[in-house]
1. With +1 on each Lys and Arg Cβ and -1 on each Asp and Glu Cβ, how big is the dipole of region 529-654 about its Cα centre, in debye rounded to the nearest 20?
2. So, with a 1.4 angstrom probe, what is the percent of accessible area on region 168-207 that is carbon and sulfur?
3. When the accessible area of region 523-640 is computed with all protein chains present and a 1.4 Å probe, what percentage of it is carbon and sulfur?
4. If packing is taken as the average number of other Cβ atoms within 10 Å across a peptide's residues, how do 410-420, 440-450 rank, most packed first?
5. Any idea of L162's accessible area? Nearest 10 Å², probe 1.4 Å.
6. Accessible area per residue, 1.4 Å probe, Å², for the chain: what's the number?
7. Carbon and sulfur together cover what percent of the accessible area of region 300-385 at a 1.4 Å probe radius?
8. Principal axis lengths of region 1-95 from Cα atoms, whole Å, largest first?
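The values are calculated or read from the model by the stated rules, or taken from the named source; none is laboratory data. All figures in this text were calculated on a predicted structure; none of them were measured in a lab. We place every Cβ from the backbone using ideal geometry, glycine too, and count neighbours over all the protein chains shown. Protein only, heavy atoms only, side chains kept; ligands, DNA and RNA dropped before computing areas. Shrake-Rupley method; radii C 1.70, N 1.55, O 1.52, S 1.80 Å.
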Amino acid sequence: MSKYYITTPIYYPSGKWHLGTCYTTVICDAIARFKRMQGNDVFYLTGTDEHGQKIEKVAAEHNVPTKEYIDKTVGELKDLWKLLDISYDKFIRTTDDYHEKAVQRIFTKLYEQGDIYKSSYEGWYCTPCESYWTKSQLVDGKCPDCGRPVELMQEESYFFRLSKYQDRLIKLIEENPEFLQPASRQKEMINNFLKPGLQDICVSRTSFQWGVQVPFDPKHIVYVWIDALTNYITALGYGSDNDELFKRYWPADLHMMGKEIVRFHSIIWPAILMALNLPLPKKVYGHGWLMLGGDKISKSKGNIIDPFILSERYSLDAVRYYLLREIPFGQDGMYSNRAFLTRINSDLVNDLGNLVSRTTAMIEQYFNGAIPYPEQATEFDEDYIGLVDGLYSRVSDNIDKLLVPEAMENIWEVIRRANKYIDETCPWILAKDESKRKQLATVLYNLAETIRIVAVLLQPFLTECPAKIFKKLGIKPALYKNLKSAKHFGRRIYGFRVNKGEALFNRLDIEKELKELDKIAETIHLKDEFILQEKKRREENLLNINEICIEDFEKIALKVGKVTACEKVEKASKLLKLTVDLGEGRERTIVSGIALWYKPEDMIGQSIVVVSNLKPAKLRGIESEGMILCASDVEGNLSLVAPIMNMKAGSEVR
Ligand code: ME8
């Protein structure tokens with residue numbers, strides 16, 4: 001048994017989570033599960049990178065204390081990892097007390113031994129933005145963010161002697177090609193950063209407070225990347241009283257990350273470790289990006305591909321499968337709804353789903369549901385079994401090389417081959433001839449055994465369907481937790497009773513689903529617009545809150561209404577047309593912009609509060625006689641306002 005320490009980067013909890021966010025974590029999860037199921041002692045670390053000016057600013061925009069804002073987004077990230085079945089062993093937050101203390105110890109140690117020194121930083125400073133810029137970053141000599149004048153300023157700062165490690169870093173990358181992968185990233189680091197010459201880096205800031213204080217000079221905050229990178233060792237207890245995990249797992253076997261942060265992981269991080277005199281990680285891998293229409297999916301653009309929505313609609317396994325399979329590893333991959341849905345239909349429904357349902361149906365039909373004993377081979381068996389028998393080693397070789405989509409392809413090659421084997425052997429023809437019964441038994445055993453091997457090997461990748469497959473085969477998953485049980489073809493699974501049951505995956509009407517996903521995306525987009533408007537309105541309202549007197553208020557006639565009918569307004573995604581009883585002996589029509597939150601069928605029978613003396617107005621050609629009251633917030637939530645008790649239509653609200 002070997003130890004295997006694998007890490008994702010720690011995530012900035014600065015906004016909404018999207019499918020791109022899930023990429024690193026799902027890939028690492030599959031690798032971690034694979035290694036664990038081979039019997040290794042795995043430690044899988046992920047977490048959040050919570051300090052720095054950027055986060056402080058985002059929280060301020062939401063008008064909440066920084067920690068409160070972060071706690072909420074970190075909670076949402078943990079929900080996402082739960083949804084995606086991420087099997088991390090530890091979740092570190094850089095605001096955790098033990099981490100902050102360890103960062104301070106590391107900073108002090110590096111300072112005391114001379115790897116960190118105090119000097120002065122010179123740059124062009126924009127006071128309103130509290131930011132330094134280099135001369136080349138300025139636009140027309142002004143701040144590139146706000147366009148205001150900047151001044152040349154000097155500030156005392158701490159610096160890390162990165163330059164001292166330049167030669168060792170070049171040697172590390174050049175002489176140890178396994179350290180930085182894929183290989184293209186080696187040239188990039190050597191040619192763009194190391195060969196031109198490394199400068200010492202500024203590792204403290206005084207322009208904001210949200211971070212770890214330099215213990216011996218508290219007006220300085222530790223640079224967020226120093227704070228963040230050290231998470232990989234502080235999470236194991238380095239710099240604390242208990243470093244048992246550190247001794248057991250360090251060095252990391254794999255640091256996985258997106259390509260944009262390879263520089264920090266393959267230059268700054270090893271240099272810090274060299275300065276601390278610690279062993280270096282065995283491998284740093286920079287994967288490509290999940291793209292959307294030519295751009296990296298990001299927090300600002302990513303909401304339209306919401307992993308929660310995709311997995312709720314199409315299953316968790318569909319989302320994990322897509323992420324693990326579709327994007328050539330190490331390169332960028334383009335996301336499209338069509339490619340996602342097509343993968344489900346072709347690979348999960350057609351290839352895997354069909355194989356399982358055809359095989360179990362035939363075992364039910366021809367052998368009364370019991371997996372038969374293989375008695376007499378067919379002419380196709382040798383070639384076929386040869387392919388299935390080597391599957392474990394092909395998949396595990398590819399996982400060792402971090403070729404995850406290739407490992408998935410190995411499994412699907414066997415699934416497709418098994419479907420072809422059915423077509424070659426034609427069990428339905430064998431079944432008509434009593435003298436072929438032994439061959440029929442062998443064919444169906446071979447298929448069931450293939451499905452078992454496939455299910456065993458799928459366990460690290462898809463976390464729901466392998467258990468369903470085991471159930472359909474009537475075999476106990478507990479026997480097959482170790483992947484090595486997939487090593488050899490020919491286990492004694494005969495006699496187990498299969499159960500075809502429902503389909504593993506449902507076939508999708510792709511064109512219909514594309515329309516549905518477009519509709520969902522439009523709703524999300526409109527909600528985002530709503531949030532922006534709400535924020536703006538609040539900012540404006542805060543400035544003009546006018547007192548009114550009771551006489552002003554009495555001019556407004558608020559009444560309880562009962563909704564008797566409701567429908568969507570055509571071509572207006574935000575609007576519902578309601579028929580409302582206000583106890584007047586006639587019903588009114590009211591058009592309201594609540595369609596993003598309420599479906600027409602939910603509205604019928606609802607009590608609502610209506611401004612009943614509002615002058616009628618035409619909305620999309622419909623005369624609206626009144627306005628419905630709602631509560632809303634800047635998070636994009638909206639709720640109808642209604643009396644707590646059941647009140648008659650027409651009751652006054654005052
Ligand atoms: O960089 N496709 O955090 P982060 C693929 N806090 N991967 C993507 C992606 C996309 N569209 N969008 C994001 C940070 N990612 C730092 C790390 S580590 C000491 C500090 C990946 O929240 C991204 O490449 O911006 C990275 O691996 C991870 O999400 C976290 O990114």
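1. 360
2. With neighbouring chains kept in place, the figure for region 168-207 is 46 percent.
3. 51
4. 440-450, 410-420
5. The accessible area comes out at roughly 10 Å².
6. Here the residues of the chain average 47 Å² of exposed surface.
7. 45
8. Sorted from largest, the Cα extents of region 1-95 read 50, 23, 16 Å.
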